[in-house]
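No value in this document is a laboratory result; all are computed from the given coordinates. These numbers come from a predicted model, not from an experiment. With ideal geometry, Cβ positions are generated from the backbone for all residues, glycine too; neighbour counts draw on all protein chains shown.
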Amino acid sequence: MPLINPPLTKEDFINSRWQDVLNSSERKECSAYNRVFWNKAQEAKEAGNFREQFVFEILVVVTDAAIQPRSNEKFLAKFVERLTDEHLDFLAEIVGEVSDPELQARIADILWTSKRRDSYKMAQLAVTDYLKSAAELEYLEN
């Protein structure tokens, strides 16, 4: 994934209207968000809005892998090779802006395991939000 100069900021994230994807999704899961984020990245690319394209491409990577409870090694390896330090800096800047527990937990998990950024804080956030997400998802029919 190419870098963008100047690097992406929280304002780029907010301006992308990423929240619309979450609000329009019936299932509040990363797997449901992934395809829509990919479509949004393609739309932004076609419109020549490269900053928005890169925001959505990073969100595609974040929501792409399924976490395996037995081992986080495959999960970590998938992100380490696709996300640069610049991308991780961007994720660290936006993690507090994400109100959806599923997506916030995933971002915090990536930050916690990839570079040990604010390791204790990100670990706490990931665990807390995974539990919130599980509580919300356990009441769904499927």
Check: By how many nm would the segment from Ala123 to Ala32 lengthen if fully extended, with 0.36 nm per residue of separation less the alpha-carbon distance?
Finding: 30.4 nm
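Return the subset of Lys10/Lys121; Lys40/Lys132; Lys45/Lys132 for which the Cα-Cα distance in this structure is over 24 Å, preserving the input order.
Lys40/Lys132; Lys45/Lys132
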Check: How far apart, in nm, are two points set 7 Å out from the Cα along the Cα-to-Cβ line at Ala135 and at Gln42?
Finding: 3.8
